[in-house]
4 protein chains.
Amino acid sequence: MAGEEKDRKAAFEAGIKLGALFHQFIGVPVSEKNAEILEKAMESCVKLQPFVVEVEVRIDREKLKSVSDMGYTSLSPDMLAARVVVEVDGSKAEGILEWNDEMKYPLMRLVCR
Amino acid sequence: MAGEEKDRKAAFEAGIKLGALFHQFIGVPVSEKNAEILEKAMESCVKLQPFVVEVEVRIDREKLKSVSDMGYTSLSPDMLAARVVVEVDGSKAEGILEWNDEMKYPLMRLVCR
Amino acid sequence: MAGEEKDRKAAFEAGIKLGALFHQFIGVPVSEKNAEILEKAMESCVKLQPFVVEVEVRIDREKLKSVSDMGYTSLSPDMLAARVVVEVDGSKAEGILEWNDEMKYPLMRLVCR
Amino acid sequence: MAGEEKDRKAAFEAGIKLGALFHQFIGVPVSEKNAEILEKAMESCVKLQPFVVEVEVRIDREKLKSVSDMGYTSLSPDMLAARVVVEVDGSKAEGILEWNDEMKYPLMRLVCR
């Protein structure tokens, strides 16, 4: 594969993983009790997908402290952060998902390297 | 089916529909532009399911007015309301999903009739 | 709460849990490698929800043996089984989700007790 | 933005959209009755997302002909096809999602142009 083509494909694959993670798991019941197992389960899902070499998922524990009267909440975009590294034929791309509080938006950005 | 058994089964079926609706669609990209088609699509999904005789889904337009800088948001529990009526062998049950602002919780409740 | 009312509410709550579980997790990337952690994560989610006293989630390992060329698949309805017991004010209801191969349908049924 | 950087970012954005679409909607109740409104609702969701200039979603009607005894099914990966075009600062990327029957896999691929 040509260098540029590999770079693009790596970027594409990184995007897939973040879009998938977000839309599969937003809404899942979460509290301080199961945040860790959820993070690990989410990471296990990303790891199965093609080209993934590294993945880290974090649920914001601070935001779990004052949830509903029921002691848990639904996972919301402002609680979820992730970082995934994919490698396509030697070309790496890193995708980052992070809540942007000013934009009120779960921003996904690409880090090339 | 005995009367009590039918009543319970109707209640069970109403619960299934609300749980399904909520967890399938929370997270979906939404704005004032597509709120109506999303409502209709969600209703169409509920109608396909067994025992359903009526369904109404509403996305809170007020809450769509001040969303992210991107002009849309992810459907969140506080925006979604629904009402479903199921009928099992003549026994009806109504399930209602409504955001409870005091509890900070998407409350689902059963109305028997 | 009157006896009948509690029975119905328990049935309703059992239904919510099964509908929620199914529609939250269908589509999640799964293989033999992460089936166990996914089961545990799913159980942890159900346990957080109100009235739940017992829950068991199973992903069919046999069906994971011959999946796609990519070594994993998306969790599909025929792979997922669950059993949840809820208790409302002393009244218990059990909901069971099990793939029915003849109907080609993920059947959810209520066991009262 | 440098040319290469824009190309990569466009590819990344195309990937996000396909991953999001797939994992948000797999599992949704579908039959010939609501396939069209679901397609339109899915397209409306993708259109809201940043950088999208074109989107087309198709649910395979043939596969809806022989579903469960209940007259509907859950949307499965082999039924869903999509094509999305994004544009980042003049650079376009096209992402395609199509079931690959030999691989038994919902393949997502990038078309650069």
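Rule-based calculations on the coordinates, nothing more; no lab input. Values in this document were obtained by computation on a predicted structure and should not be read as measured data. With ideal geometry, Cβ positions are generated from the backbone for all residues, glycine too; neighbour counts draw on all protein chains shown.
According to the Cα-based calculation, Rg over Rh for the protein assembly as shown is 0.96, with Rh computed by the Kirkwood formula. When you restrict to C-alpha pairs under 8 Å that are six or more residues apart and normalise by the size of chain B, the relative contact order lands at 31 percent. Near D:Glu5, once Lys and Arg are set to +1 and Asp and Glu to -1 for all other residues with Cβ below 10 Å from its Cβ, the sum equals -1.
Restricting to DSSP loop positions (anything but H, G, I, E, B) with no more than 12 other Cβ atoms inside 10 Å of their own Cβ, which GluC sites (Glu not before Pro) remain in the stretch D:75-113?
Numbers: sites: D:Glu87, D:Glu94, D:Glu98, D:Glu102; in loops: D:Glu102.
Qualifying residues, ordered by number: D:Glu102.
With helices as the sole contributors, chain C gives -11000 deg cm²/dmol at 222 nm; each DSSP H run of n ≥ 4 counts as -39500 (n - 2.57), and the sum is divided by every residue.
Ignore the peptide's own chain and count Cβ atoms of other chains within 10 Å of each Cβ in D:36-48; give me the average, rounded.
Details: counts 2, 8, 6, 1, 5, 12, 5, 2, 11, 12, 2, 5, 10.
Average per residue, whole number: 6.
The trypsin sites (Lys or Arg not before Pro) of the stretch D:1-81 that DSSP puts in a loop, and whose beta carbon has at most 10 other beta carbons within 10 Å, are D:Lys65. Within chain D, the percentage of alpha carbon pairs spaced more than 24 angstrom apart rounds to 28%.
Whole-Hz Karplus values for the stretch C:57-64 come out as 10, 10, 10, 5, 5, 4, 6, 7 Hz, taken residue by residue from phi with 6.51 cos²θ - 1.76 cosθ + 1.60 and θ = phi - 60°; glycine and proline positions read x. Checking every one of the GluC sites (Glu not before Pro) in the stretch B:20-58 against DSSP loop status and a limit of 12 other Cβ atoms within 10 Å picks out no site at all. Once each part is reduced to its C-alpha centroid, what is the distance from the stretch D:44-62 to the stretch A:39-113 in angstrom? Cα centroid to Cα centroid, the span is 24 Å. In order along the stretch A:85-101, the phi-based Karplus estimate (6.51 cos²θ - 1.76 cosθ + 1.60, θ = phi - 60°) of 3J(HN,Hα) comes to 10, 10, 9, 10, 6, x, 9, 9, 9, 10, x, 10, 10, 8, 5, 9, 6 Hz; Gly and Pro are listed as x. In sequence order, the stretch A:24-32 has phi-based couplings of 6, 10, 4, x, 5, x, 8, 8, 4 Hz under the Karplus curve 6.51 cos²θ - 1.76 cosθ + 1.60, θ = phi - 60°, and Gly or Pro positions carry x. Electrostatic tally near C:Ile16: other residues with Cβ closer than 12 Å to its Cβ, Lys and Arg +1, Asp and Glu -1, net +2. Distances, shortest first, from the label point of C:Cys112 to those at the same position in the other copies read 0.9, 6.4, 6.5 nm; the point lies 7 Å along Cα to C-beta. Length gained on full extension, A:Arg61 to A:Glu5, computed as 0.36 nm times the residue gap minus the Cα-Cα distance: 16.2 nm.
Helix A:35-48 and the long axis of chain A differ in direction by around 20°, with both axes built from C-alpha atoms.
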